[in-house]
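A short write-up of the structure that comes next.
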Amino acid sequence: MSIACSINLNTTLTAEQRERYQNGDQIQKLLASMRKVAIIGLSTESTKASNMVASYLLDEGFEVIPVHPKADFILGQKVYRSLAEVPFAVDVVNVFRPGHEMWDIVDQAVANGAKAVWSQLRIINFDAGSRAIDAGLVAVQDKCIKMEHGRYGGMLHWAGMNTEIISAKRRVVG
């Protein structure tokens, strides 16, 4: 039995859609196995959510691959103009772009050899998500990768958030 459970606050997804695109067990496995995260739409502005997520992931030891049409470096990392320009496979393609852009992003993720496409909060395109799944990728939609990592890593409760996870296991830091 898994310690994963569902936080359904403010979601617009049905129970069936949550099972398909927000499955706790699947998210935990993905978070445990990922090392390289390409962030599509990573902002150069430190106050933007995408930049905060990237900074968090870097602090947690992940390799972040910024994808931005104009910048050369973000958070000290070399920037690629598109996912198609990234010369190596990534584990997760984390998306901070509108849902209607997901089709092209999924195509690029498949071509890249990525294992998953993860669209952030309120970014939803079920057709593109189904296409990713049909191509063998994991598809997560309408979830924040930073929040999910913190939730399953046992850190969000330190900030007073109810993670809906009950465990006596303490996270080892460092």
What is the spin-label model distance, in nm, from GLN17 to ASP104 if the labels are put 7 Å beyond Cα along the C-beta direction?
-> 2.4
Could you line up MET34, MET147, MET102 from fewest to most neighbouring Cβ atoms inside 10 Å?
-> MET147, MET34, MET102
Note on the range 15-159: contact order normalised by length, alpha-carbon pairs under 8 Å, 6 or more apart, percent, works out to 21
Exceeding the 20 Å Cα-Cα cut-off - candidates LYS29/LYS78; LYS70/LYS115; LYS48/LYS115; LYS48/LYS146; LYS29/LYS146 | LYS29/LYS78; LYS70/LYS115; LYS48/LYS115
Starting from the Cα of ALA135, step 7 Å along the direction of its Cβ; do the same at SER46; then give the gap between the two resulting points in nm.
-> 3.6
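Coordinate-derived values only; no laboratory data. Since the model is a prediction, treat every value here as computed from it, not as a measurement. When we count neighbours, we look across all protein chains shown, and the Cβ atoms used for this are built from the backbone with ideal geometry, even at glycine.
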